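*Asks:* Sharing a structure here in structure tokens format.
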Amino acid sequence: MKIIDGKQIAEVIKGEIRVEVAKYIDDYDVAPHLAAILIGDDAASDTYVSHKEKDCKSVGITSSIYRFSTDVSEEELLKTVDFINDDDDVHGLIVQLPLPKHINVDTIISHIDPKKDVDGFHPLNIGKMMLGHPAFLPATPAGIIELLKRYDIETSGKHCVILGRSNIVGTPLSVMLSRKSKHGNATVTLCHSKTQNIKEITLQADILVAAIGMPEFVTADMVKPGAVVIDVGIHRVPDASLQAGFRLIGDVNFAEVSTIASFITPVPGGVGPMTRIALLQNTLTAFKQIVRLSS
Ligand code: NAP
């Protein structure tokens, strides 16, 4: 069994981005700029945004955060999106989800300039992805494809079983893996909460992706020996023996499944770091498309 070390691959890619950004700063005195809109005081959202800020800083990307209290109106948010859309010095814009209940997520996301939609959530980018046209791809599936690519894991002709059909992970990944492309060409089965006999299906998987949000759902008896297992799930469980008071686990029972998988992503250190990297890659791409400088 081989561990797919997302943390290490993410560091390699970070180095590549850092070099490219430094060149733009040296040659043209401009840097990519990512703006984030953060609403409310949800601790998890706050952590995600501060990680994104830290990641940007580590590669030379400028970042700014627009913070709002939970009672912000949809109108005010739309005005802020307009403002950032029109700001030529900002190249990427993300809106940290979830949003308060009185704000319509689709309205806000659809208002982002698709050229700056580095989360890849705008309907135009999703439509382009469906058609296989160049587009900003959602970070987590893009990170998973990058991991398969860097570990030289063949997808063509393989049976990929994805557990979970969310709009940000399972569904776009099913499209990307089944596309007629170098890191696609797989036969994909997308499972969800209404899928019957899930174990019969997972046992057929050459590549099994778990993105259902249920701690250690995938056990060894559900996995074909030699399968590649990608664990997207992330959960905190109390652990008094650790200073933090908790440890992280995924949707896969790592102790069991790692004994029969050929490749497996750990939690933490697997898909998570790659999701963070994909956002930086998209921001750099947006910058290059908007600013149009020769590298
Ligand atoms: P989500 O929105 O939480 O949706 C869960 C999906 O799993 C739904 O499609 C649901 O089916 C399906 N599901 C739930 N119970 C099931 C069961 N017993 N059998 C089969 N399918 C079941 O999904 P998500 O946002 O993609 O998140 C999934 C997990 O990944 C979470 O733990 C999340 O924290 C983690 N995550 C990690 C990263 C990362 O960077 N590592 C990024 C994103 C998400 P229905 O559609 O029928 O409800």
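The values are calculated or read from the model by the stated rules, or taken from the named source; none is laboratory data. It should be emphasised that the depicted structure is a prediction, and the values quoted were computed from it without experimental measurement. Reconstructed Cβ throughout: ideal geometry from the backbone, glycine too, with neighbour counts over all protein chains shown. These area figures cover heavy atoms from the full protein model, side chains too; ligands, DNA and RNA do not enter into them. Shrake-Rupley method; radii C 1.70, N 1.55, O 1.52, S 1.80 Å.
*Asks:* From the list 124, 97, 203, 131, pick out the single residue that is open to solvent by 40 Å² or more (accessible area, probe 1.4 Å), assigned by TED's automatic domain parsing to the domain that holds residue 53 and not basic (Lys, Arg).
*Replies:* Numbers: 124 fails: assigned by TED's automatic domain parsing to the domain that holds residue 53; 203 fails: assigned by TED's automatic domain parsing to the domain that holds residue 53; 131 fails: assigned by TED's automatic domain parsing to the domain that holds residue 53.
That would be 97, the only listed residue that is open to solvent by 40 Å² or more (accessible area, probe 1.4 Å), assigned by TED's automatic domain parsing to the domain that holds residue 53 and not basic (Lys, Arg).
*Asks:* Turning to a different aspect of this structure: Cβ-Cβ below 8 Å, separation at least six or inter-chain, first residue in the stretch 103-114 and of a type in the set (Gly, Ala, Ser), second surrounded by fewer than 13 Cβ atoms within 10 Å (Cβ to Cβ): which pairs?
*Replies:* 110/123
*Asks:* For residues in the stretch 228-249 being part of a loop (DSSP other than H, G, I, E, B) and open to solvent by 80 Å² or more (accessible area, probe 1.4 Å), which is modelled with the lowest pLDDT?
*Replies:* If we take residues in the stretch 228-249 being part of a loop (DSSP other than H, G, I, E, B) and open to solvent by 80 Å² or more (accessible area, probe 1.4 Å), then 243 is modelled with the lowest pLDDT.
*Asks:* Separate question: Do any residues in the stretch 54-71 that are in a loop (DSSP other than H, G, I, E, B) have Cβ atoms under 7 Å from those of residues that are among the hydroxyl-bearing types (Ser, Thr, Tyr) and at pLDDT 95 or above, where the two are at least six apart or on different chains, and which pairs are they?
*Replies:* That search, which allows pairs on different chains as well, returns 61/283.
*Asks:* Answer yes or no as to whether residue 185 is at positive phi and either more than 9 Å from the ligand (Cβ to nearest atom) or open to solvent by 70 Å² or more (accessible area, probe 1.4 Å) (or both).
*Replies:* Yes.
*Asks:* Could you list all residues from the stretch 195-218 that are without any contact (Cβ under 8 Å) to a residue 12 or more places away in the chain and of a type in the set (Ser, Thr, Tyr)? Give the derivation first.
*Replies:* Let us first name the residues in the stretch 195-218 that are without any contact (Cβ under 8 Å) to a residue 12 or more places away in the chain, namely 195-197, 200.
Answer for the stretch 195-218, where residues must be without any contact (Cβ under 8 Å) to a residue 12 or more places away in the chain and of a type in the set (Ser, Thr, Tyr): just 195.
*Asks:* Then there's this: Right, residue 140: within 10 Å of the ligand (Cβ to nearest atom) and either touching a residue at least 12 places away in the same chain (Cβ under 8 Å) or touching a Ser or Thr at 6+ places or on another chain (Cβ under 9 Å) (or both) or not?
*Replies:* On the way: within 10 Å of the ligand (Cβ to nearest atom): yes; either touching a residue at least 12 places away in the same chain (Cβ under 8 Å) or touching a Ser or Thr at 6+ places or on another chain (Cβ under 9 Å) (or both): yes.
Judged against the criteria, residue 140 is a match.
*Asks:* Moving on. I'd like to verify a number: residues in the stretch 158-184 that are of a type outside the set (Ser, Thr, Tyr) and over 11 Å from residue 207 (Cβ atoms), how many?
*Replies:* Qualifying residue count for the region: 15.
*Asks:* Ok, one more. For residue 102, all conditions in the list (1) at pLDDT 95 or above; (2) within 23 Å of residue 164 (Cβ to Cβ) hold save one; what is the number of the exception?
*Replies:* Looking at each condition in turn, residue 102 falls short on (2).
*Asks:* Moving on to the next point. Applying the selection to the stretch 143-170, what residues are open to solvent by less than 50 Å² (accessible area, probe 1.4 Å) and more than 8 Å from the ligand (Cβ to nearest atom)?
*Replies:* Once the filter is applied, which keeps residues that are open to solvent by less than 50 Å² (accessible area, probe 1.4 Å) and more than 8 Å from the ligand (Cβ to nearest atom), the stretch 143-170 yields 144, 145, 146, 147, 148, 151, 153, 155, 159, 160, 161, 162.
Residue by residue, here is whether (1) in contact with a Leu (Cβ under 9 Å, 6 or more places away or on another chain); (2) within 16 Å of the ligand (Cβ to nearest atom); (3) under 30 Å from residue 32 (Cα atoms) holds:
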position	(1), (2), (3)
236	yes, yes, no
246	no, yes, no
249	no, yes, no
254	no, yes, no
276	no, yes, yes
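*Asks:* Continuing with the same structure: In the stretch 171-180, which residue that is free of Cβ contacts under 8 Å to residues at least 40 places away in the same chain and either within 13 Å of the ligand (Cβ to nearest atom) or more than 23 Å from residue 13 (Cβ to Cβ) (or both) is surrounded by the fewest Cβ atoms within 10 Å (Cβ to Cβ)?
*Replies:* Ranking the qualifying residues of the stretch 171-180, first place goes to 178.
*Asks:* Can you name the number of the only condition in (1) touching a strand residue (DSSP E or B) at 6+ places or on another chain (Cβ under 9 Å); (2) modelled with pLDDT of 95 or more; (3) not aliphatic (A, V, I, L, M) that residue 75 fails?
*Replies:* With respect to (1) touching a strand residue (DSSP E or B) at 6+ places or on another chain (Cβ under 9 Å); (2) modelled with pLDDT of 95 or more; (3) not aliphatic (A, V, I, L, M), residue 75 is out only on (1).
*Asks:* Oh, and also: Name the one entry in 88, 82, 106 that is within 27 Å of residue 209 (Cβ to Cβ) and open to solvent by 60 Å² or more (accessible area, probe 1.4 Å).
*Replies:* Numbers: 88 fails: within 27 Å of residue 209 (Cβ to Cβ); 82 fails: within 27 Å of residue 209 (Cβ to Cβ).
Step by step, each of 88, 82, 106 is checked, and only 106 is within 27 Å of residue 209 (Cβ to Cβ) and open to solvent by 60 Å² or more (accessible area, probe 1.4 Å).
*Asks:* Given the condition touching a strand residue (DSSP E or B) at 6+ places or on another chain (Cβ under 6 Å) and either assigned to a loop (DSSP other than H, G, I, E, B) or touching a residue at least 40 places away in the same chain (Cβ under 8 Å) (or both), answer yes or no: does some residue in the stretch 272-281 qualify?
*Replies:* The answer is no, given that none of the residues of the stretch 272-281 is touching a strand residue (DSSP E or B) at 6+ places or on another chain (Cβ under 6 Å) and either assigned to a loop (DSSP other than H, G, I, E, B) or touching a residue at least 40 places away in the same chain (Cβ under 8 Å) (or both).
*Asks:* In a loop (DSSP other than H, G, I, E, B), within 13 Å of the ligand (Cβ to nearest atom) and farther than 20 Å from residue 174 by Cβ: does that describe residue 225?
*Replies:* The answer is no for residue 225.
*Asks:* Hey, among the residues in the stretch 266-295 that are of a type in the set (Val, Ile, Thr) and under 14 Å from the mean Cα position of the chain (by Cα), which one's surrounded by the fewest Cβ atoms within 10 Å (Cβ to Cβ)? Before the answer, list the steps.
*Replies:* Quick first cut of the stretch 266-295, residues of a type in the set (Val, Ile, Thr) only: 267, 271, 275, 277, 283, 285, 290-291.
Checking which are under 14 Å from the mean Cα position of the chain (by Cα) leaves us with 271, 275, 277, 283.
Working: 271: 29, 275: 23, 277: 25, 283: 30.
Taking the candidates together, the pick is 275.
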